[in-house]
């Protein structure tokens, strides 16, 4: 019997389930290694060489080099782990969040101040926007 | 015998800790949020427990993908604030209560909840931000704390129902402890927020307030809410709210006692990417 995954039809959302976790194991563990200052230094000195120490897929490495968080997530990344790349870069979490939405950090911060992204039109893929 | 006197519910946004640590709590952006916790700080000062049992989640800090315990109880004598990538928060070391924690672990496991026992662990903002919100910036936390970590990073987290039932088992465990300790149970995380993908920034004020209403008045029905409702309506990270049901399940009305007294309730948007919710319930 296959597993029920009712969360697959939520727009702009990838649920980090066992399948994603399996895909992203080495990507996320690479991110975890950035908790140590000496690893951050080594990564910053030569990103490609540091990434090559990990049995990650080429797609995962390219996504990290491009700092494309949506691509990282599609390749099994989890945001709490990926946030450690942003911390290494000295980026705020809000900068990272904005980068995934296609908004500038300023536009994103403004949206949050105005009450955040509305749930209306954001429950189901293909749902018509209200108003 | 020990008894549970109250439960506290609050979000645990990391930016709140950073705002306090960097002396920004008086800025216009943060002022309304900290003002909402002023009554809670006064309440905790007047009602300091002997122990806080604090339910929270680790954010890829103590637990990487090497081990993902669904429920983990901290039985150590102390827990250091973790370095989450920008140095540890300048907050006091968390002093544990190994005797009560071991007692709860044994009782709850015999009550069919298979906990992971953790004897060495650093604690991240999930645990220290709630303490900061209610205690301010003291030299030492006002009492020992038992950290109780719940997996909400890899889906699925435990169900709301499972959390609620676990809360009942925790109450039975605490009430069977010989020493006459006054214990508070805190449930943290939430409220609506999504930190990933194109839908990042989602806030659902209506969902959050309905959740608070139901948490107070009808937690049994609330505990039957499926994961998909949290994820769809409150965001992929909003599912942290199941942790509040552990604290709610530990209150005495659930076991046939009187309805609890609502001491304080507060809601605010935004704290960085997140809606902040807070409530205090006292057993009467």
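General observations
- Neighbours by Cβ (under 7 Å, 6+ apart or cross-chain): first from region B:139-156, free of Cβ contacts under 8 Å to residues at least 60 places away in the same chain; second in a strand (DSSP E or B): B:141/B:94; B:141/B:95
- Residue identified as assigned to a strand (DSSP E or B) and at pLDDT 95 or above among B:244, B:186: B:186
- For the residues B:87, B:126, the requirement of being closer than 28 Å to residue B:273 by Cα, without any contact (Cβ under 8 Å) to a residue 40 or more places away in the chain and within 14 Å of chain A (Cβ to nearest Cβ) singles out B:87.
- Failed criterion for residue B:69 (all others in (1) within 18 Å of the chain's Cα centre (by Cα); (2) surrounded by fewer than 22 Cβ atoms within 10 Å (Cβ to Cβ); (3) farther than 30 Å from residue A:87 by Cα hold): (3)
- Residue count for region B:178-200, restricted to those that are more than 7 Å from chain A (Cβ to nearest Cβ) and surrounded by fewer than 24 Cβ atoms within 10 Å (Cβ to Cβ): 5
- For region B:216-232, the condition holds for at least one residue, the condition being that it is more than 13 Å from every other protein chain (Cβ to nearest Cβ), touching a strand residue (DSSP E or B) at 6+ places or on another chain (Cβ under 7 Å) and surrounded by fewer than 24 Cβ atoms within 10 Å (Cβ to Cβ).
- Extreme residue, nearest to residue B:60 (Cα to Cα), among residues of region A:6-17 that are facing chain B (nearest Cβ under 7 Å) and over 12 Å from the mean Cα position of the chain (by Cα): A:17
- Looking at B:64, B:40, just one residue is more than 16 Å from the chain's Cα centre (by Cα), surrounded by fewer than 22 Cβ atoms within 10 Å (Cβ to Cβ) and closer than 29 Å to residue B:272 by Cβ, and that residue is B:64.
- Residue that is farthest from residue A:40 (Cα to Cα), among those in region A:63-75 that are in a helix (DSSP H, G or I) and more than 8 Å from every other protein chain (Cβ to nearest Cβ): A:74
- Residue within region A:29-44 that is within 16 Å of the chain's Cα centre (by Cα), surrounded by fewer than 13 Cβ atoms within 10 Å (Cβ to Cβ) and part of a helix (DSSP H, G or I) present: no
- Hits in region B:258-283 - residues which are farther than 19 Å from residue B:195 by Cα and outside any strand (DSSP E or B): B:258, B:259, B:260, B:283
- Only a single criterion out of (1) at pLDDT below 95; (2) closer than 24 Å to residue A:16 by Cβ is not satisfied by residue B:72, namely (1).
- When residues of region B:146-177 are limited to those that are assigned to a loop (DSSP other than H, G, I, E, B) and more than 17 Å from the chain's Cα centre (by Cα), the one surrounded by the most Cβ atoms within 10 Å (Cβ to Cβ): B:155
- Here region A:76-111 is the region considered, the condition is being at the interface with chain B (Cβ under 7 Å from one of its Cβ atoms) and more than 20 Å from residue A:10 (Cβ to Cβ), and the residue that is nearest to the chain's Cα centre (by Cα) is A:81.
The values are calculated or read from the model by the stated rules, or taken from the named source; none is laboratory data. Just so it is clear, the structure is predicted and the values come from calculations on it, not from any experiment. Don't worry about glycine lacking a Cβ; one is built from the backbone with ideal geometry, like all the others, and counts go over all protein chains shown.
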